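Shown next, in structure tokens, is the structure this report addresses.
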Amino acid sequence: MGDFNFTKESTQATTLRRAGCREANTMAGFGRASTRPANGWLSLFPGVRIDQAYLAGSARAVRSAVLETADSDHRPIVVDVEW
């Protein structure tokens, strides 16, 4: 899991999927799960999800959610993982 700063359509995301990784929001999330922008007037518009969590092997996401923040330009994500 990391602060990858790319969308699920990017070359980097495609490379992770080809390596067998699965994206947590696809497995257990809800909706767009936009993480940017988090604050300011731009946050009034639909955003993009540039923060991702990828899992491999027997790990699977049972919950994936985007949280609110006042301290960052990105919304944090939380993922509950089960093995």
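Of the residues making up the stretch 36-80, those that are among the β-branched types (Val, Ile, Thr), under 19 Å from Leu16 (Cβ atoms) and at pLDDT below 90 are Val48, Ile50.
Listed conditions (1) in contact with a strand residue (DSSP E or B) (Cβ under 9 Å, 6 or more places away or on another chain); (2) surrounded by 14 or more Cβ atoms within 10 Å (Cβ to Cβ) are all met by Glu82, apart from (2). Out of (1) without any contact (Cβ under 8 Å) to a residue 24 or more places away in the chain; (2) under 11 Å from the mean Cα position of the chain (by Cα), the odd one out for Thr15 is which? Condition not satisfied by Thr15: (2). The residues listed here are Arg49, Arg22, Arg63, Arg17; of these, the one that is touching a helix residue (DSSP H, G or I) at 6+ places or on another chain (Cβ under 6 Å) and not β-branched (Val, Ile, Thr) is Arg63. For residues that are of a type in the set (D, E, K, R) and farther than 20 Å from Arg75 by Cβ, scanning just the stretch 1-60, find the one that is surrounded by the fewest Cβ atoms within 10 Å (Cβ to Cβ). This residue is Arg18.
The values are calculated or read from the model by the stated rules, or taken from the named source; none is laboratory data. Everything numeric in this text was worked out from a predicted model, so none of it was measured. Note: ideal-geometry Cβ built from the backbone for every residue, glycine included; neighbour counts use all protein chains shown.
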